[in-house]
1. For residues that are at pLDDT 85 or above and either touching a strand residue (DSSP E or B) at 6+ places or on another chain (Cβ under 7 Å) or at positive phi (or both), tally how many sit in the range 40-72.
2. Cβ contacts < 8 Å: first residue among the β-branched types (Val, Ile, Thr), restricted to the range 84-113; second residue assigned to a helix (DSSP H, G or I), any location; separation 6+ or different chain. Result?
3. State yes or no: is Leu143 in contact with a Gly (Cβ under 8 Å, 6 or more places away or on another chain), among the hydrophobic types (A, V, I, L, M, F, W, C) and at pLDDT 90 or above?
4. Between a first residue in the range 167-179 that is on the phi > 0 side of the Ramachandran plot and a second residue that is surrounded by fewer than 18 Cβ atoms within 10 Å (Cβ to Cβ), which pairs have beta carbons less than 8 Å apart while being 6 or more apart in sequence or on different chains?
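The values are calculated or read from the model by the stated rules, or taken from the named source; none is laboratory data. Treat the numbers as computed from the prediction; the structure is a model and nothing was measured. Using ideal geometry, Cβ is built from the backbone for each residue, glycine included, and neighbour counts are taken over all protein chains shown.
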Amino acid sequence: MKKGDSVSVIDDAISGIVTGVDGDLITVLTEDDFEMQFGKNELVVITGAISEKNMMQEDISTILSEKQIKKPKKSNRIKPKDRKRPPMVVDLHIHQLTKYPKKMSNHDMLLLQTDTAKRKLDFAIDKKIQKVVFIHGVGEGVLKAELEYLFRRYDNVKYYEADYREYGRGATEVYIYQNKTP
């Protein structure tokens, strides 16, 4: 590397021009006009940059015309009536998740149930679903405790007992904050 070379940092989104070389220590003037120092092994020289004069004029006009044709994407705004949608219900009873529960150990069943709950919760967050009800049953409370542990790992989630009249005692309702953490 020598003064004037265009370089880019290997593990970061920083690039710029070499302004000084002192052994293995390279000084780089970034695109934001900051001077930073890196080890020689942290940088890569950028070669083959295509300048506008190297491109054919017709290529530039084609690219510009393609960019102008594209329509801006519409944002997926949640309509007020969609906020009142009934919650997503996930039944975690083992017979709902597999055809052969008798061939599974208790540990395997618990793993399947918690993995299913995590996938469904991630899906709900991704699809901007605000409420999810997980039906886990009463039992000894092992699955409920695992679910609570899972829910505590999310910053944008609040959970509480689901409506007793609708789901009985073995269900937990999860509210997902879509924009901010509470």
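1. Taking the range 40-72 first, the residues at pLDDT 85 or above are 40-45.
Those left that are additionally either touching a strand residue (DSSP E or B) at 6+ places or on another chain (Cβ under 7 Å) or at positive phi (or both): 40, 42-45.
Result for the range 40-72: 5.
2. Cβ pairs passing all conditions: Val90/Thr116; Val90/Ala117; Val90/Lys120; Ile94/Pro101; Ile94/Met109; Ile94/Leu112; Ile94/Gln113; Thr98/Leu112.
3. Yes; evaluated as a whole, the condition is true for this residue.
4. Matching pairs, first to second residue: Gly168/Val138.
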